[in-house]
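The values are calculated or read from the model by the stated rules, or taken from the named source; none is laboratory data. None of these values were measured; they are calculated from a predicted model. Virtual Cβ from ideal backbone geometry, glycine too; neighbours counted across all protein chains shown.
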Amino acid sequence: MKHPVHLTAHLPARLPALLAAAACVLSFGAAVPGVAHASQQLASSKACLSCHGVDKKLIGPAFKDVKAKYAGKKDGQPHMVQSILKGSNGQWGAMPMPANAVSEAEANTLAKWILSL
């Protein structure tokens, strides 16, 4: 009878792969329905959805249009966070976006959610 190899003997060699897998899972949290739903609830509670539709333009651009403009850009998410926090003018037409009563963490959550749509 062979003796089983203890699992922890191979842990140091596999640790980088396990950490990379965990980072991937965590970075795609917005793709998880519960996380996406919570982010959409945040957008609703902060009145973002009063001016922005997910799929269609209301007063401001549709969130999917915002995603199309900023996805893949190095400064896309940070720019979105600043626009959410401080407002913007002239980026999407004549109607300015007012500053919003959100924390920086909430602005980051909203920007990540929009980019995940």
Limited to the range 81-92, what total is found for residues that are part of a helix (DSSP H, G or I) and farther than 15 Å from S39 by Cα? 4
Checked the range 93-117 for anything surrounded by 12 or more Cβ atoms within 10 Å (Cβ to Cβ), of a type in the set (A, V, I, L, M) and in a helix (DSSP H, G or I); matches are A107, L110, A111, I114, L115
Could you give every pair whose Cβ atoms fall below 8 Å, whose first residue belongs to the range 44-64 and is on the phi < 0 side of the Ramachandran plot and surrounded by 15 or more Cβ atoms within 10 Å (Cβ to Cβ), and whose second residue is aromatic (F, W, Y) and part of a loop (DSSP other than H, G, I, E, B), counting only separations of at least 6 or pairs across chains? G60/W92; P61/W92
Being loosely packed, with under 15 Cβ neighbours inside 10 Å and modelled with pLDDT of 95 or more, is that true of even one residue in the range 32-41? yes
Within the range 68-109, work out how many residues are over 18 Å from S44 (Cα atoms) and touching a helix residue (DSSP H, G or I) at 6+ places or on another chain (Cβ under 6 Å). 4
Would you confirm, using the coordinates I've provided, whether D65 is touching a Lys or Arg at 6+ places or on another chain (Cβ under 8 Å), modelled with pLDDT of 95 or more and assigned to a helix (DSSP H, G or I)? yes
G76 vs. criteria surrounded by 14 or more Cβ atoms within 10 Å (Cβ to Cβ), at pLDDT below 95 and not β-branched (V, I, T): no
Would you mind stating whether A20 is outside any loop (DSSP other than H, G, I, E, B) and at pLDDT below 95? yes
Of all residues in the range 93-117, which are farther than 18 Å from A38 by Cβ and within 10 Å of the chain's Cα centre (by Cα)? none
